[in-house]
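The structure appears right after this line, and notes come after that.
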Amino acid sequence: MSSVITEATEICEALKHWLLEDAYPLWWSRGADHEQGGFHERLRIDGSATGERRRARLHPRQIYAYSIADELGWAGPHEQAVRHGLDYFREKYFRPDGLVRTVVAADGSVADDRAVLYDQAFALMGLAAAYDTLDDDGLRDAARNLLERVQAQLENANGGFEESNPRILPLLSNSHMHLLESALAWMDLDHDARWQRLASDIVELALSRFIDPYSGLLREFFDADWQPVDGDEGRVVEPGHQFEWGWLLLRWVERTGESRAREPALQIIQFGESLGVDQSRGVAITSLLSDGTVRDPLARLWPQTERLKAACIAAEVTRQEEYWSMAVAAARGLQKYLDTPLRGLWRDKMNPDGSFVEEPAPASSFYHIACAIAEFEHTLKRAG
């Protein structure tokens with residue numbers, strides 16, 4: 001075993017200990033609303049809930065985090081946690097037309113009844129995670145029905161999907177990224193061909209539209225014809241999304257054997273690492289412009305997790321040790337956000353000077369963290 005893999009193993013063990021002994025217990029005891037149902041949006045640094053409105057994306061993310069808890073080794077009530085989130089989500093967020101609304105208040109009343117693509121993608125992912133845990137065929141049927149509603153109401157004639165109906169612009173590659181994530185999850189659970197068709201269509205859109213053919217960078221904001229919008233907005237590149245798309249595209253290659261996405265995926269991962277990481281802080285920043293100019297030097301937690309996941313899968317498919325070094329660097333960057341007075345919480349935003357913004361911890365980050373640690377451990381096990 002090489003020294004870098006030995007180092008990676010030690011860091012992974014530390015991260016997993018934090019996850020199982022600190023994070024899972026804290027977010028179940030204090031992050032779940034055991035009185036009104038569902039999960040709290042954020043926890044203050046002392047562990048108390050903020051009591052604010054709850055975005056739709058939160059509950060599928062928490063369902064996912066708890067759905068993998070048992071496999072990771074948490075001895076707590078993971079099935080109860082999954083049911084807790086699922087029951088609340090299905091009761092409070094599904095509209096009469098079958099789509100998922102955006103926000104409810106802490107008391108469960110409707111706060112924003114719009115349905116946007118991003119939330120439909122996470123609803124599909126949450127249903128997949130719950131189905132995997134609870135083995136309830138009704139959840140598979142619910143996911144198929146939701147996909148049918150999305151296709152009926154949000155399909156774009158030029159490929160992909162609208163963000164909402166009526167149309168709102170710009171169109172976003174990010175929403176499609178999470179829809180691909182959900183399609184890949186369902187491909188593992190449901191042999192219905194609709195999931196592979198969905199994933200294939202999104203991969204094609206990514207390769208033909210989202211990834212710039214000249215620079216190889218993946219862009220964020222598009223007009224109705226899938227051309228980058230005018231101005232700086234059309235030139236925005238997020239390192240975290242380079243990593244996340246790279247991870248998903250390589251997963252697609254692994255599952256289907258369709259290798260044409262391999263090199264574009266590795267290229268965007270390499271860009272994220274070479275230009276999107278502030279070496280002085282050791283963390284991935286929020287955004288750049290396509291010429292490499294820093295647009296937003298703030299460094300949020302979630303890109304660190306996507307950097308780690310991308311490094312893991314790139315190490316596996318290429319067998320190049322440089323990606324293990326990247327994984328170690330990403331994991332060390334992630335650890336900085338987890339150093340809090342109350343163990344199990346996290347910081348969300350690192351300033352350019354390396355200090356952290358003092359604010360409550362967003363529960364929605366849990367899915368990023370749990371997935372990254374799980375991927376880290378699985379990749380190390382396969383590396384032997």
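The values are calculated or read from the model by the stated rules, or taken from the named source; none is laboratory data. Quick caveat, the model's predicted, so the values are computed rather than measured. Virtual Cβ from ideal backbone geometry, glycine too; neighbours counted across all protein chains shown.
Exactly one condition in (1) in contact with a Pro (Cβ under 8 Å, 6 or more places away or on another chain); (2) among the small types (Gly, Ala, Ser); (3) within 20 Å of residue 329 (Cα to Cα); (4) free of Cβ contacts under 8 Å to residues at least 40 places away in the same chain is not met by residue 234; state its number.
The one condition residue 234 does not meet is (3).
Which number in (1) buried (at least 19 other Cβ atoms within 10 Å of the Cβ); (2) at positive phi marks the one condition that residue 86 misses?
Against the list (1) buried (at least 19 other Cβ atoms within 10 Å of the Cβ); (2) at positive phi, residue 86 comes up short only on (2).
Which residues, taken from the stretch 160-186, are more than 24 Å from residue 129 (Cα to Cα) and surrounded by 22 or more Cβ atoms within 10 Å (Cβ to Cβ)?
Once the filter is applied, which keeps residues that are more than 24 Å from residue 129 (Cα to Cα) and surrounded by 22 or more Cβ atoms within 10 Å (Cβ to Cβ), the stretch 160-186 yields only 171.
Can you tell me how many residues within the stretch 254-280 are buried (at least 19 other Cβ atoms within 10 Å of the Cβ) and either among the hydrophobic types (A, V, I, L, M, F, W, C) or on the phi > 0 side of the Ramachandran plot (or both)?
Of the residues in the stretch 254-280, 7 are buried (at least 19 other Cβ atoms within 10 Å of the Cβ) and either among the hydrophobic types (A, V, I, L, M, F, W, C) or on the phi > 0 side of the Ramachandran plot (or both).
From the list 272, 216, pick out the single residue that is of a type outside the set (Phe, Trp, Tyr) and either at pLDDT below 95 or part of a strand (DSSP E or B) (or both). Can you show your working first?
On the way: 272 fails: either at pLDDT below 95 or part of a strand (DSSP E or B) (or both).
The unique qualifying residue is 216.
Would you call residue 123 surrounded by 14 or more Cβ atoms within 10 Å (Cβ to Cβ), modelled with pLDDT of 95 or more and either closer than 18 Å to residue 67 by Cβ or of a type in the set (Lys, Arg) (or both)?
When the stated conditions are applied, residue 123 passes them.
Hey, which of the helices (runs of 4 or more DSSP H) in the stretch 301-384, taking only ones fully inside, have at least 1 residues that are of a type outside the set (D, E, K, R), crowded, with 19+ Cβ neighbours inside 10 Å and touching a Cys at 6+ places or on another chain (Cβ under 6 Å)? Spell out how you get there, then give the answer.
Details: elements: 301-318, 321-337, 365-383.
Where helices (runs of 4 or more DSSP H) fall fully within the stretch 301-384 and carry at least 1 residues being of a type outside the set (D, E, K, R), crowded, with 19+ Cβ neighbours inside 10 Å and touching a Cys at 6+ places or on another chain (Cβ under 6 Å), they are 321-337, 365-383.
Hey, can you tell me all the residues within the stretch 24-46 that are assigned to a helix (DSSP H, G or I) and touching a helix residue (DSSP H, G or I) at 6+ places or on another chain (Cβ under 7 Å)?
Hits for the stretch 24-46 are 24, 27, 28.
Please count how many residues of the stretch 50-109 are among the hydroxyl-bearing types (Ser, Thr, Tyr), under 15 Å from residue 121 (Cβ atoms) and without any contact (Cβ under 8 Å) to a residue 60 or more places away in the chain.
Total meeting the criteria: 2.
Take residue 182 and tell me if it is in contact (Cβ under 8 Å) with a residue 40 or more places away in the chain, at negative phi, polar (S, T, N, Q) and part of a loop (DSSP other than H, G, I, E, B).
For residue 182, the condition - in contact (Cβ under 8 Å) with a residue 40 or more places away in the chain, at negative phi, polar (S, T, N, Q) and part of a loop (DSSP other than H, G, I, E, B) - is not met.
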